[in-house]
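Each remark here refers to the structure printed beneath this line.
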């Protein structure tokens, strides 16, 4: 049974997701964040659909579980392409966009194949449903790795675009929280009814909130003043 806090999370998440979509649709650089906007549109639709099934059939119904895991897998795949769009922006000056697209397709296909090979060995008659769950979990862990690799590239290439850095950082926190939730759920199933059940909704709320803040408060032209930060550190090392 849903409590007041559940309804607050759902409503706040839906309003924030819709705000990000409207904000991006009205932006001049809409195409730059096209993948992100498609993902947020999908999140809004999935949130409405999941909440409708949840209120009508209950959280313990097989239909809600079916809808939740299938739509979560679709959103995870969509978010995977958001990461690839960030890679494209970071490496844009190096003209490697074609290689990023091919790498994303190969990585997604490899994750799906690995998930299928894992599931087919399990004594489970519901192969399709189990495959969806397994692939969604694997994509979360792949997302963690890709996001941290992207963050390493941002640091290595001395990326100064504040908005892009904020978007990548928020995505890294989101993926890390969800991947940690999946791992703890598998290791400690007893924690699921109490603590771990709040990880997905809280992480799902954090991401649109962080992105809403980024698109509202940080302009596209904003840059980090890395040179001013680096010079005092270099001077301090020289005096020491």
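Of all residue pairs spaced 6 or more apart or on separate chains, those with beta-carbon atoms under 7 Å, a first member in the stretch 212-229 that is closer than 22 Å to residue 27 by Cα and a second member that is assigned to a loop (DSSP other than H, G, I, E, B) and at pLDDT below 85 are 220/29.
The combined condition, being surrounded by 13 or more Cβ atoms within 10 Å (Cβ to Cβ) and modelled with pLDDT of 80 or more, is not fulfilled by residue 111. What pairs can you find where one residue is in the stretch 68-79 and modelled with pLDDT of 85 or more, the other is surrounded by fewer than 19 Cβ atoms within 10 Å (Cβ to Cβ), and their Cβ atoms are less than 6 Å apart, with a gap of 6+ or different chains? Sorted first by the residue in the stretch 68-79, then by its partner, the pairs are 75/42; 78/42.
Entry remark, the stretch 10-30: residues being surrounded by fewer than 16 Cβ atoms within 10 Å (Cβ to Cβ) and more than 19 Å from residue 218 (Cβ to Cβ) number 3 in total.
Consider residue 43 carefully, then state whether it is modelled with pLDDT of 85 or more and crowded, with 17+ Cβ neighbours inside 10 Å.
Working: modelled with pLDDT of 85 or more: yes; crowded, with 17+ Cβ neighbours inside 10 Å: yes.
Here the answer is yes, as residue 43 does meet what is asked.
Residue-level check: of (1) part of a helix (DSSP H, G or I); (2) more than 14 Å from the chain's Cα centre (by Cα), residue 80 misses just (2). Under the condition of being surrounded by 11 or more Cβ atoms within 10 Å (Cβ to Cβ), at pLDDT 85 or above and assigned to a loop (DSSP other than H, G, I, E, B), the residues counted in the stretch 185-219 number 1. None of 100, 132, 142, 90 is over 24 Å from residue 66 (Cβ atoms), under 21 Å from the mean Cα position of the chain (by Cα) and at pLDDT 75 or above except 90.
From the list 171, 164, the one residue that fits, being at pLDDT 75 or above, in contact with a helix residue (DSSP H, G or I) (Cβ under 9 Å, 6 or more places away or on another chain), in a helix (DSSP H, G or I) and within 30 Å of residue 65 (Cβ to Cβ), is 171. Residues that are farther than 25 Å from residue 139 by Cα and in a helix (DSSP H, G or I) within the stretch 55-72 comprise 55, 56, 57, listed in sequence order.
The values are calculated or read from the model by the stated rules, or taken from the named source; none is laboratory data. All of these numbers come straight from a predicted model, not from anything done at the bench. Every residue, glycine as well, gets a Cβ built from its backbone with ideal geometry; the counts of neighbours run over all protein chains shown.
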